[in-house]
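This report concerns only the one structure given below.
The values are calculated or read from the model by the stated rules, or taken from the named source; none is laboratory data. Since this is a predicted model, take the numbers as computed values, not measurements. With ideal geometry, Cβ positions are generated from the backbone for all residues, glycine too; neighbour counts draw on all protein chains shown. Quick note on the areas: whole protein, heavy atoms, side chains included, nothing else; ligands and nucleic acids left out. Shrake-Rupley method; radii C 1.70, N 1.55, O 1.52, S 1.80 Å.
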Amino acid sequence: MNTFKKILVSSVLAFSIAAISSTASAVANPSYEDVKTAIDNTQAKVAETIVALNNGTDNDVVAEMISDARQLQKDIANNVLDLKRNQASNVLKQARTAIKNNEVDAAKAALTDAANRYKEIEQIYAANH
């Protein structure tokens with residue numbers, strides 16, 4: 001009987017912990033508005049970065065702005081867009097590398113490419129929702 005109680009208590013405890021951890025780890029899918037806002041914020045930051053680069057802003061400031069855009073794009077959470085988002089993020093990374101290497105023309109080209117990619121992401125998302 002003592003062994004049975006230990007097994008029963010252990011089982012109940014294990015099920016309780018499993019139920020709590022699965023509930024706590026459940027993350028709600030972002031809403032349409034959340035993803036749309038993330039896309040818009042990312043596009044705005046990329047556009048702001050292009051303007052700053054064209055106005056001759058210091059390369060370190062531009063690199064920081066590119067990093068900010070890469071952080072913003074992480075909020076674009078949608079399975080349909082993941083591949084496109086990752087590709088656009090890689091283009092932003094190339095732009096940041098180019099600006100760090102003082103390759104302004106390459107950075108401009110990469111930022112323009114990134115801006116176009118985020119516009120495409122916006123169009124794909126709008127078409128699917």
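Quick notes on this one:
- Computed accessible area, R70, all protein chains, 1.4 angstrom probe, square angstrom: 70 Å²
- Area of E120 that stays accessible when all protein chains are in place (1.4 Å probe, Å², to 10): 70 Å²
- Overall, region 46-129 carries a charge dipole of about 260 debye about its Cα centre when +1 sits on the Cβ of Lys and Arg and -1 on the Cβ of Asp and Glu, all other atoms neutral.
- Computed with every protein chain present, the accessible area of I121 is close to 0 Å² [probe 1.4 Å].
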